Amino acid sequence: MNNFEYYNPVTVVFGENEVNKIGSIAKEYGKKVMLVSYTDISFYGDLFERIHDLLTKEGLEYIDFLEVTANPTLQQARKGIEICKSEEIDLIVGIGGGSAMDCAKVIAAGVKYNNGDIVNMIAFSHSDSSQVPPTEALPTIMIPTLPATGSEMNPTAVITDEVTIKKSYVWAPCCLYPKVAIIDPKLTVSLPSYQTACGAIDTIAHILESYFNGGDGNLDLQDRMQEGVIRTVIDNITTVINNPGNVETRGVMQWAASIALNGWLLSGTYGWAPMHQMGHVLSAKYNATHGATLATMILAWMRYFANRSDNIRYEQFANRMFGKSISEATDEFESLMKSIGIQTRISEFGVVKEDIDSLVDNVVSVSFDSSGKLASVPPITKEDVRKIYEISL
Ligand SMILES: [Fe+2]
């Protein structure tokens, strides 16, 4: 395995009804709180009223910032930053899925950012050194309501520049780790099945990025841990979709999502995310759901590598997970994805053959590194990117 440093300072408070601790936890970090969530919170029932009451009981003031959409934009974050500054907010609480939590992180860092517009903190090009990551941020608490991104336990935020329509990320271990993640599986029981399914595929994709790109040497420990989490998600996904009110199973899915991307499973591997890079282009251009874009990319990557000689990681995955060849395993994986209602082809997002050139160009401009390739094992060329998109049509 590769040399690595492991650091994760996030306090996790896990379990049914643990959200009721938000007031006592929040008061450790300030007196005035901004709650960051979606434009439409009707889905959450009385959750916000409960959180307001819990904060008030502890003597905290709060402001709701309900301006986040799926695939949040820098413009949304800028508005949140202005309000934070004028209202002298001490603490930001992100409530929702990755979009809400990531926008909350960008706002938290943006309040303290001294290098011009927040566009400068985002890594919009992997070969451009002009990015200036944040060095400090307001403290954040995350209350995830969608098991998927693992954002509640990592220092990464993904956001879209509404001007260039490019979606990319900021990674800043200095200051983007939330202080606390309150993971309450009861908050996920009303999640629609499509979001549940997309979240599960996102969890699997976070692990598979590392599994396929494992790296060198003895990876037995990482492989087996990763296989265990993927196996668990595959085994539980149908149950959770058929029994959405089962808090136990919801909890398993939620914790799986958190540990998939909290650094634990990926330690000692490269940690590259080439399938995500290609998926982000689809989300930005077609507003496709993140997990669904990853479903299409996982399948296309498996099909692309099925016919190559350097596919040992893919063969191992197909054999251990499905007991089959790569091609047969991919077909079975696609059937599972279809059975839970997820798109498996990029044409289902509206992509047509003529769009592929611009998709490829977008991946090249955002994600190719200084060697002119997409970081992966093996490194992915422009022609590889084109073929993978074509396979996925
Ligand atoms: Fe993801």
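Every condition in (1) modelled with pLDDT of 95 or more; (2) of a type in the set (A, V, I, L, M, F, W, C); (3) away from the ligand (no atom under 16 Å from the Cβ) is met by Met101 except one, and the failing one is (3). Gly150 meets the stated requirement of being surrounded by 18 or more Cβ atoms within 10 Å (Cβ to Cβ), modelled with pLDDT under 95 and within 16 Å of the ligand (Cβ to nearest atom).
Kindly indicate whether any position in region 197-207 is hydroxyl-bearing (Ser, Thr, Tyr) and under 19 Å from the mean Cα position of the chain (by Cα). Yes: region 197-207 contains one or more residues that are hydroxyl-bearing (Ser, Thr, Tyr) and under 19 Å from the mean Cα position of the chain (by Cα). Entry remark, region 281-296: residues being in contact with a Phe, Trp or Tyr (Cβ under 6 Å, 6 or more places away or on another chain) and either free of Cβ contacts under 8 Å to residues at least 40 places away in the same chain or of a type in the set (Ser, Thr, Tyr) (or both) number 1 in total. Checked against the criterion of being surrounded by fewer than 24 Cβ atoms within 10 Å (Cβ to Cβ), outside the structural domain of Pro147 (by TED's automatic domain parsing) and closer than 17 Å to Gly150 by Cα, region 213-223 contains not a single residue that satisfies it. Looking across region 359-380 at every residue that is among the polar types (S, T, N, Q) and either touching a Gly at 6+ places or on another chain (Cβ under 8 Å) or touching a residue at least 60 places away in the same chain (Cβ under 8 Å) (or both), the one that is surrounded by the fewest Cβ atoms within 10 Å (Cβ to Cβ) is identified as Ser370. Only a single criterion out of (1) surrounded by fewer than 23 Cβ atoms within 10 Å (Cβ to Cβ); (2) more than 16 Å from the ligand (Cβ to nearest atom) is not satisfied by Ser168, namely (2). Only one entry of Thr156, Thr196, Thr160 meets the criterion of being surrounded by 18 or more Cβ atoms within 10 Å (Cβ to Cβ), among the hydroxyl-bearing types (Ser, Thr, Tyr) and within 23 Å of Glu16 (Cβ to Cβ), and that entry is Thr196. When region 25-50 is filtered for residues that are outside any loop (DSSP other than H, G, I, E, B) and either modelled with pLDDT under 95 or loosely packed, with under 13 Cβ neighbours inside 10 Å (or both), the ones remaining, listed by number, are Ser42, Phe43, Tyr44, Glu49. Cβ-Cβ distances below 7 Å connect the following pairs, each with a first residue in region 226-238 that is in a helix (DSSP H, G or I), a second residue that is among the small types (Gly, Ala, Ser), and a separation of six or more residues or different chains: Gln226/Ser210; Val229/Ala256; Val229/Ala260; Thr232/Ala256; Val233/Ala200; Val233/Ala256; Ile237/Ala197; Ile237/Ala200.
Being farther than 23 Å from Lys338 by Cβ and in contact (Cβ under 8 Å) with a residue 24 or more places away in the chain is a property that does not hold for Asp220. When each of Asp53, Asp64, Asp102 is tested for being acidic (Asp, Glu) and outside any helix (DSSP H, G or I), the lone residue that passes is Asp64.
Condition check: hydrophobic (A, V, I, L, M, F, W, C), away from the ligand (no atom under 16 Å from the Cβ) and closer than 20 Å to Leu47 by Cα. Does Ile118 satisfy that? For Ile118, the condition - hydrophobic (A, V, I, L, M, F, W, C), away from the ligand (no atom under 16 Å from the Cβ) and closer than 20 Å to Leu47 by Cα - is not met. The set of residues in region 248-265 that are surrounded by fewer than 19 Cβ atoms within 10 Å (Cβ to Cβ) and more than 18 Å from the chain's Cα centre (by Cα) contains only Glu248.
Every residue, every condition in (1) at pLDDT below 95; (2) away from the ligand (no atom under 16 Å from the Cβ); (3) more than 29 Å from Val189 (Cβ to Cβ), yes or no:
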site: Val252; (1), (2), (3): no, yes, no
site: Ala257; (1), (2), (3): no, no, no
site: Ala260; (1), (2), (3): no, no, no
site: Met275; (1), (2), (3): no, no, yes
site: Tyr286; (1), (2), (3): yes, yes, yes
site: Ala295; (1), (2), (3): no, no, no
site: Ala318; (1), (2), (3): no, yes, yes
site: Glu328; (1), (2), (3): no, yes, yes
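One residue stands out in region 322-335 among those that are surrounded by 18 or more Cβ atoms within 10 Å (Cβ to Cβ) and hydrophobic (A, V, I, L, M, F, W, C): the one that is farthest from Ala200 (Cα to Cα), namely Ile326.
The values are calculated or read from the model by the stated rules, or taken from the named source; none is laboratory data. As the structure is a computational prediction, the values presented were derived from the model and not from experiment. Using ideal geometry, Cβ is built from the backbone for each residue, glycine included, and neighbour counts are taken over all protein chains shown.
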